[in-house]
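A short reminder: the numbers here are calculations on the coordinates, not readings from a lab. Fair warning: this is a prediction, and the values are worked out from it, not measured in the lab. Every residue, glycine among them, receives a Cβ derived from its backbone with ideal geometry; neighbour counts consider all protein chains shown.
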Amino acid sequence: MRQMPLDERKMVILQSIIRNYLETGEPVGSRTISKYADLELSSATIRNEMADLEDMGYILQPHTSAGRIPSDKGYRLYVDSMMTEKNREVDELREMLLDKADKMDQLLKQAAKLLATNTNYASMISAPNYRRNKLKFIQLTKVDHDQLLAVIVVEGNVIKNHILNVADNLDQETLLKLNILLNTHLSGLAIDEINLGMIQVLKQQAGSFGTIIGEVIDTVAEVIKDDEDLEIYTSGATNIFKYPELSDHHRASELITAFEEKRLLTELVNENENDSTQPQMGIQVYIGNENRIESMKDCSVVTATYELDEGMRGTIGIIGPKRMDYEKVVAVLKSLKTQIEDIYRGGK
């Protein structure tokens, strides 16, 4: 006969018994639970609930008149409910961030179009890029008997999923131990702070599951490194033809190609975000030969760096003739930079 699930009160009392027992190693009494669980219940009521939990097989009374300790069945329910809760938290976080990422994507596309329309120059905006990412947490979840899903969350609340093939059929207790082991040692670290000595210690503590630890760390390294495929939104490339000095077929063709292929724009973004000559304003102006990109030597490029979270940055850029209206461009960029940052923070 299938047992009915525990009601909320019994579940809270069971969790309190297990947590207290894990901390002290001593049988847990009703008086301790009344304080530990912060329940507005008398010791007598808690004793009745504990008696029910004992009848149901979730706790044991090792000695007469002593407190209770968890049974294997109690531990199983505790681990399963903990994993379910953690998985739910990860799913909710993923949905929230995917929704936010989609809204940010639409915002940046629209902003690039408005920028080109308002200035009559070419515009570009890079999606947020993550510099020197640090790991926030790792969640290993069973997908199949020979597969694990590694959910890796890094600074900026970026979530990456990766499937790991495993030789052994891992039980939930082992997964819980691996999750605790990984997060205890790696949470808050950048990839260059995870050294060989630390990896060796983790593998030793994981015992026969050391190979899984190695694969997870390799995956973390791939996730934390800077994204190679940087998303860049562009608009107004044909505005270049409005200016005689840039409308020469060869020059215009090179500039249009740079906007279409975006490889050179990626170089521009990386150069801009690593340049700290004007860190307070976040505005940079490159005139003519100051541009390192050959196809832009006859242009001026004005950029602004927006920052959404620590280490989470993007670049807004205007490309036009050297005789551009710098005052207007700088004002527009500063305004857009502030608006993007305010919209992001307002939606948090």
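Each 10 Å bin from zero holds the following percent of Cα-Cα pairs in segment 8-70: 25, 64, 12.
Placing unit charges on the Cβ atoms only, positive for Lys and Arg and negative for Asp and Glu, gives segment 140-179 a dipole magnitude near 160 debye about its Cα centre. Dipole size of segment 135-224 about its Cα centre, with +1 on Lys/Arg Cβ and -1 on Asp/Glu Cβ: approximately 180 debye, rounded to the nearest 20. Taking the number of Cβ atoms within 10 Å of each Cβ as an exposure proxy, the fewest-first ranking of R323, R251 is R323, R251.
Given R0 = 30 Å, the distance between the Cβ atoms of N118 and N161 translates into a calculated FRET efficiency of 0.15.
Which entries in the list K297/K322; K103/K337; K109/K160; K142/K177; K262/K337; K242/K322 go over 19 Å, if you measure between the two C-alpha atoms of each? Check vs 19 Å cut-off fails for K109/K160; K262/K337. Considering only I13, G25, I59, the residue lying farthest towards the positive end of the dipole of segment 8-70 is G25, judged by Cα position with unit charges set on Cβ.
Is segment 135-224 best put as rounded, prolate or oblate by its Cα gyration tensor, with a ≥ b ≥ c the root eigenvalues, rounded for a/c under 1.5, and otherwise prolate when a/b is larger than b/c, oblate when not? Oblate shape, in that a/c is at least 1.5 and b/c is the bigger or equal ratio. Look at L189, L230, L140 and count the other Cβ atoms within 10 Å of each Cβ; fewest to most, that gives L189, L230, L140. Judged by the gyration tensor of its Cα atoms, with axes a ≥ b ≥ c, segment 157-207 is oblate; a/c meets the 1.5 cut and b/c is at least as large as a/b.
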